[in-house]
Amino acid sequence: MKAELACTDITENLCQHCAYCCLKTLLPVNALTSQTYEYLVMVMESRGFSVYAYDEDDGTLLFDMGACPYLRRKGEMYGCGVHGTAARPKKCKKFNCAAWAAVGEEDNTVFTDYALGIYNWLNGGESSGE
């Protein structure tokens with residue numbers, strides 16, 4: 001079983017089986033003071049969103065906004081309802097979870113940890129990542 005994903009491991013097939021980056025749409029917000037933090041949490045939670053992570057060093061909150069509205073499930077696989085169209089967000093076109101994790105932030109590995117389980121499952125391993 002593979003222990004770590006490389007950028008070249010991120011294929012269309014892996015993405016269509018994983019889609020974790022689309023299942024968890026994370027919104028980073030900077031909370032400069034404790035009052036800002038409390039206000040942001042109150043407002044976002046009142047709208048049904050939850051705090052996914054908080055970095056005390058720089059005051060960044062990550063809110064879990066839920067699944068992308070364009071995500072479509074096709075049996076055991078996922079697809080993007082706007083893939084190949086002008087409506088597809090630029091950040092989605094360029095996103096590669098292994099490249100993102102390589103920048104070194106601890107929270108950045110959440111996608112690759114999940115994708116690694118899917119990768120190993122697709123290649124005959126035991127974990128499906130779910």
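The values are calculated or read from the model by the stated rules, or taken from the named source; none is laboratory data. Keep in mind that this is a model prediction, so the values were computed, not measured. Glycine also receives a Cβ, built like all others from the backbone with ideal geometry; neighbour counts cover every protein chain displayed.
When the residues of the stretch 75-91 are filtered to those that are surrounded by fewer than 16 Cβ atoms within 10 Å (Cβ to Cβ) and touching a helix residue (DSSP H, G or I) at 6+ places or on another chain (Cβ under 8 Å), which remaining residue is modelled with the lowest pLDDT? It comes out as GLU76.
Can ARG73 be described as out of contact with any strand residue (DSSP E or B) (no Cβ under 6 Å at 6 or more places or on another chain), farther than 21 Å from LYS90 by Cβ, among the charged types (D, E, K, R) and not assigned by TED's automatic domain parsing to the domain that holds GLY124? Lay out the reasoning, then the answer.
Numbers: out of contact with any strand residue (DSSP E or B) (no Cβ under 6 Å at 6 or more places or on another chain): yes; farther than 21 Å from LYS90 by Cβ: yes; among the charged types (D, E, K, R): yes; not assigned by TED's automatic domain parsing to the domain that holds GLY124: no.
It is false that ARG73 is out of contact with any strand residue (DSSP E or B) (no Cβ under 6 Å at 6 or more places or on another chain), farther than 21 Å from LYS90 by Cβ, among the charged types (D, E, K, R) and not assigned by TED's automatic domain parsing to the domain that holds GLY124.
For the stretch 31-105, please list each of the helices (runs of 4 or more DSSP H) lying entirely inside it that holds at least 3 residues being more than 13 Å from the chain's Cα centre (by Cα).
Numbers: elements: 34-46, 90-94, 97-101.
Helices (runs of 4 or more DSSP H) meeting the threshold: 34-46, 90-94.
The number of residues in the stretch 17-60 that are small (Gly, Ala, Ser), more than 24 Å from CYS92 (Cα to Cα) and surrounded by 11 or more Cβ atoms within 10 Å (Cβ to Cβ) comes to 2.
Take the residues in the stretch 106-130 that are of a type in the set (S, T, N, Q) and modelled with pLDDT of 85 or more; name whichever of them is farthest from the chain's Cα centre (by Cα).
ASN123
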